[in-house]
Structure formats: C-alpha cells, structure tokens
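The values are calculated or read from the model by the stated rules, or taken from the named source; none is laboratory data. All of these numbers come straight from a predicted model, not from anything done at the bench. With ideal geometry, Cβ positions are generated from the backbone for all residues, glycine too; neighbour counts draw on all protein chains shown. With ligands, DNA and RNA removed, areas are computed over all heavy atoms of the protein, side chains included. Shrake-Rupley method; radii C 1.70, N 1.55, O 1.52, S 1.80 Å.
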Amino acid sequence: MTAREARDALSKVPAVTLGFWIIKIAATTLGETGGDTVSMTMNLGYLVGTAIFATLLVAFVTWQIRATRFHPALYWATIIASTTAGTTMADFADRSLGIGYPGGTTLLFLCVLGSLAAWHYALGSVSVDTVRTPKAEIFYWVTITFSQTLGTALGDWIADAGLGYEGGALVFAAGLLLLVAAYFWTSVSRVTLFWAAFILTRPLGATVGDLLDKPTNQGGLAFSRPLASAILAVFIIGCIWLLPQRAGRHSGEDFARE
C-alpha cells in the first residue's frame, strides 16, 4: 500500500465530485420536506421534531465516528439526519423563539464561524482533507449541522423577502455557479470555496423543497410532503448505488491550501 492509499484509507468522508454535489442537493431538499413532514404534516411541532432528528443525528454521528472505513450509506444517512435536524432547528429559532429570519440567520452564521474558528484553533486546519481522527470528525459534523441550519434560515429569509421559492432557488443556484467559476478561474482558497458551496447548497435545497410542498397560494406546487420525501429518498438511494462513491482526498493538495 502506498503512503497516499494508507492516508486515504483513514478518511471516512467522500471525495468531492459532481456526484457528491448532486446527492448533497437532493439530501438537503429531502431534509426540508422530511423536516416539514414531521413538524407540520404530523403536527408534532418544531421542538419535538428537533428532538427526534437531533437524537437520530447524534446516533448516526456516533456510528460514523466508530466506523473504521468509509461507508457511503452511513455517511449520507448522517448528512440527511443533519439536514432534517437543521430544518426543524432553524424553524424553531426563527419562529418559536420569535427572532425572525434575520435574527435566526445572523445567530446561525455566527455559530458556523465559531465552529470553524474552534476547529482551526484546535487542529490548525478546517480542510475536509484532515477529517481522519475522532476529534476532527466531531468538528466536521458540528460545523456541517450548523451550516445546514444556517442554510435553512437563509433560504426561508430570501424566499420570504419577496423573491418567492422559485426566485430564491435561482439566487442560490447563481451563487453556486459563481463559486464554480471561482474554483476554475481563480486562486481563491479551495477550503473557503468548499464551505461556501456546502452552505449554499442547503438554502437551494430548502427553497426547492418548499417549492415542492408549499400550497399554491404561497408560491409552491402543493405536493404531498410525505410523497415528495419518498421520491427524494428513492432518488438518493439510486444515486448512492449508481454514482461512484469512494473516500477521497477532496482534490488533494488543492483543499489543503487555505
């Protein structure tokens, strides 16, 4: 085994490829419809929904950390748990706490920055290429959960500001295209671009999810939340099965450049 193969064998997060981003966007959309199914359709409320998904998230993160190698199904199940928990947590902060979308977005943005700062202080890097120890994995999943929650709040804020769900989806899709352009044609830190893209895919998924399941008089398509969630789940399972899934170095040294 080469030194690179030995190093990659320790990684339990996937290589960042086009397939990664396709599944990530679908997972964030499922997080929106799945979270709304529990909190709204089942009428359990944001607090109970948060408790359910936070419990699942802790269980999956614990399982992920204890795993000895990369398991695609386990990794994406953990991502989905984080994005559904993010949906209910953001809704609880925005609505139940009464701080509104601007307040919730600001609070969660500070949480993301704080998590990244603590991660960098403790380990010297926030590159996903360093996620090979339990300590790094804990920082990774905490940051991901905060970023998923921030994305939900940001997506709801933009949509509620007058752009609607379609307009919000277009805004975030345009933002992702700008990040792609920066990746190929600038020397901007790959670590920064990764986390910016990771955050922006969440509000894109949130607005697409809302577009699917909100009533037509609110600008949505009025699809059944459970049905939309089931379709998205089948799509994700198909992608995991059909698209190449491997642990990777996340573009190698590019992501080590901060």
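To the nearest ten degrees, helix 100-123 and the longest principal axis of the Cα atoms of the chain are 10 degrees apart. Taking the Cα centroid of region 193-218 and of region 71-87, what is the distance between the two, rounded to the nearest whole Å? Value for the Cα centre distance between the two parts: 16 Å. Quick note on region 116-258: its Rg to Rh ratio, both from C-alpha atoms and Rh being the Kirkwood radius, is 1.02.
When the alpha carbon coordinates of region 150-194 are projected onto the principal axes, the ranges are 35, 18, 10 Å, largest first. Packing, as the average of other Cβ atoms within 10 Å across residues, places the peptides 65-73, 112-120, 194-202 in the order 194-202, 112-120, 65-73, highest first. From largest to smallest, the equivalent ellipsoid semi-axes obtained for region 4-73 from the alpha-carbon gyration tensor read 30, 16, 6 Å.
Sorting W21, W141 on solvent-accessible area from highest to lowest, probe radius 1.4 Å, gives W21, W141.
Against the chain, whose longest principal axis is taken from its Cα atoms, helix 18-36 shows a tilt of about 40°. With all pairs of separate Cα atoms included, region 74-149 yields a Kirkwood hydrodynamic radius of 13.1 Å.
Angle of helix 72-91 to the longest C-alpha principal axis of the chain, folded into 0 to 90 degrees and rounded to 10: 40°.
Among rounded, prolate and oblate, which fits region 195-248 when a ≥ b ≥ c are the square roots of the eigenvalues of its C-alpha gyration tensor, a/c under 1.5 means rounded, and a/b larger than b/c means prolate? Note, shape of region 195-248 comes out oblate. Among A247, A26, A206, which one shows the biggest mean-square fluctuation in a GNM of the chain, springs joining Cα atoms closer than 10 Å? Largest GNM mean-square fluctuation: A247. In terms of its Cα atoms, the chain spans 59, 36, 34 Å along the principal axes, sorted from long to short.
Size descriptors for region 38-169, from the alpha-carbon set: Rg then Dmax equal 15.6, 47 Å.
In this structure region 140-248 gives 47 Å² per residue of accessible area when probed at 1.4 Å with all protein chains present.
With all protein chains in place and a 1.4 Å probe, the accessible surface of the chain carries 72 percent carbon and sulfur. Could you run the Debye sum over the Cα atoms of region 37-79, one equal point scatterer each and no solvent, and tell me log10 of I(q)/I(0) at q = 0.14 Å⁻¹, two decimals? Normalising to I(0) and taking log10 leaves -0.40. Comparing Y75, Y140, Y183 in a Gaussian network model of the chain where C-alpha atoms under 10 Å apart are linked, the largest mean-square fluctuation is found at Y183.
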